[in-house]
Ligand code: ARG
């Protein structure tokens, strides 16, 4: 709708002085006032005239009436004044021809404003803790993070996706102790991450009755920090095994990273930052530990060094941010984590500011809510967790079952492809359907339903557009597009809204704007599909327009799907 908003704003802005004794309102200001009416029966767009009242020195009702007159001869819009609002309906001809040409011309780029051209964004997401389970709590950071990357890339930003692996810390001391006591090479080789996790869980259980194990673990980690050869070898092996497992899940989700520089990578980069903090007089000793006092900013102190001089999570984040700024000169650095970490980010962002780094305001924390499954919260420490891998496998298996039942003769290869695309897509789509900050209760049955606002439903709609395009290959493109029904009109309005939704999703770091847009577009397309015969109409302009509307829907769905890690499939 940007095109029509601009058109309205420019026409109105240009004509205002003549109507209102020389008073001027810039077109940009008018564009920002134009909104979508709550009820589509009121029109496609509306301009509330209340804010113009002061500049134009008339009542909103008088202004709306005057503007109605200004736009009365327009070929593009029909304007109606009502109670201080000016409601618009875009004329069919202008609407369909503008929208379909724009989609055809821009194709895979339709929806992008290119506003990120020449800018760099670094995104820190997924970042599981090695040798701990990759559970469904990580689904959020993984798919929100990747979606934000795709959105920024689409908009023209250069993006660097970083998997800041939790590959350093006392948990490795624990694992080394556990492995030497109870583990064996073959079991870890064959059992992979599951075996590591059970060693980790066993360590915690045993440490309950034998607390000396914790001291041993600390000692082993300390040796690792001092580059002890045997421990380093074990550590590298644990990381490798975990990565191999994560990569399987990333592959299923269609996710790749540009860097796997995890926490360990920053071990030697922290002293310089600690030194700088000290020089600046920002460090305070509190009960032996070094902290930055943040009381003035209404926050608890940020811990930099423990009593024994070892570094902490914030210390590493500061060093990593500094390194990333030096390396990538980012315009934005985005961190996607659970909302529980909001304070941590607010604290170290503040410390970076106090350190005088002028890029402090380019750091963005994007928090998200918790996930429970069928009402149950996940608990990491007891090992009582649902692994992301298992959730995806379960979804895939269920879709395979449903698809086989519907299509008994379908070859296995095709069944597998459908099962994986639809199963994984269902999980991702369901997760991304909510505002990210809301807590989610995951109900797999709902996610997999073919009815309702689900992944399978939207993938099915996409497949429907593909099969219609195949059937309509012989239909010619009309010289001029022609629509006459309300369903076609609504579909065009939705197609034209895509670029704005992309912009809003980036501005709010909110992939759910895209998910909801996809649902709206699918609903509009399906209504159109049911109400408007496409290939059986005799008027070639009408039939051609309907095929081209289908092609445009298909293109926009492809573009939108790719922004939320949802794969397309032509048959379902
Ligand atoms: N590994 C951490 C966790 O699983 C998340 C890391 C987030 N990124 C960061 N730069 N702190 O909780």
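Values quoted throughout were computed directly from the atomic coordinates according to the rules given, and no laboratory measurement underlies them. All of these numbers come straight from a predicted model, not from anything done at the bench. Glycine gets a Cβ as well: all are built from the backbone with ideal geometry, and neighbour counts include every protein chain shown.
Please compute one quarter of the surface area of the Cα convex hull for region 488-572 and express it in square nanometres.
Orientation-averaged projected area of the Cα hull: 5.8 nm².
Let's test the formula: R0 of 41 Å, r as the Cβ-Cβ distance of residue 40 and residue 108. What FRET efficiency results, to the nearest 0.05?
According to the calculation, E is roughly 0.90.
How many nm separate the modelled label positions at residue 280 and residue 18, each set 7 Å beyond the Cα in the direction of the Cβ?
5.9 nm
Can you tell me the orientation of helix 60-70 relative to the chain, as the angle in degrees between its alpha-carbon axis and the longest Cα principal axis, to the nearest 10?
That helix lies at roughly 60 degrees to the long axis.
For region 428-464 and region 503-572, what is the centre-to-centre distance using only Cα atoms, to the nearest Å?
Taking the Cα centre of each part, region 428-464 and region 503-572 sit 16 Å apart.
For region 305-438, how big is the tail of P(r) above 22 Å, as a whole percent of Cα pairs?
Tail fraction, whole percent: 59.
Applying a 10 Å radius around every beta-carbon, put 46-58, 555-567, 108-120 in order of their mean neighbour count, most first.
555-567, 46-58, 108-120
What FRET efficiency do you get for residue 413 and residue 467 if R0 is 22 Å and r is their Cβ-Cβ distance, rounded to the nearest 0.05?
0.65
What is the fewest-to-most order of 168, 359, 348 by other Cβ atoms lying within 10 Å of their Cβ?
Lowest count first: 359, 168, 348.
Looking at the square roots a ≥ b ≥ c of the eigenvalues of the Cα gyration tensor of region 204-270, which shape do they give, rounded for a/c under 1.5, prolate if a/b is larger than b/c, or oblate?
Judged from the Cα gyration tensor, region 204-270 comes out oblate (a/c at least 1.5, b/c at or above a/b).
Considering region 415-538, what Rg and Dmax in Å follow from its alpha-carbon atoms?
16.6, 52
Could you tell me how many degrees, from 0 to 90 and to the nearest 10, lie between the Cα long axis of helix 193-209 and the main elongation axis, the longest principal axis, of the Cα atoms of the chain?
Its long axis makes an angle of about 50 degrees.
Rounded to whole Å and sorted largest first, what semi-axes of the equivalent ellipsoid does the C-alpha gyration tensor of region 27-129 yield via the square root of 5 times each eigenvalue?
35, 21, 13
How tilted is helix 486-508 with respect to the longest principal axis of the chain? Cα atoms for both, answer in degrees (0 to 90, nearest 10).
40 degrees
So what is log10(I(q)/I(0)) for the chain at q = 0.07, 0.08 1/Å, when the Debye sum runs over its Cα atoms only?
Summing over Cα pairs of the chain leads to -0.54, -0.69.
Roughly speaking, what is the centre-to-centre gap between region 174-188 and region 191-205 when only Cα atoms are used, to the nearest Å?
Taking the Cα centre of region 191-205 as reference, the centre of region 174-188 is 9 Å away.
What Kirkwood radius, in Å to one decimal, follows from the Cα pairs of region 409-482?
14.8 Å
Could you line up 523, 311 from fewest to most neighbouring Cβ atoms inside 10 Å?
523, 311
What's the exposure ranking of 286, 167, going from fewest to most Cβ atoms within 10 Å?
Final ranking by Cβ density, sparse to dense: 286, 167.
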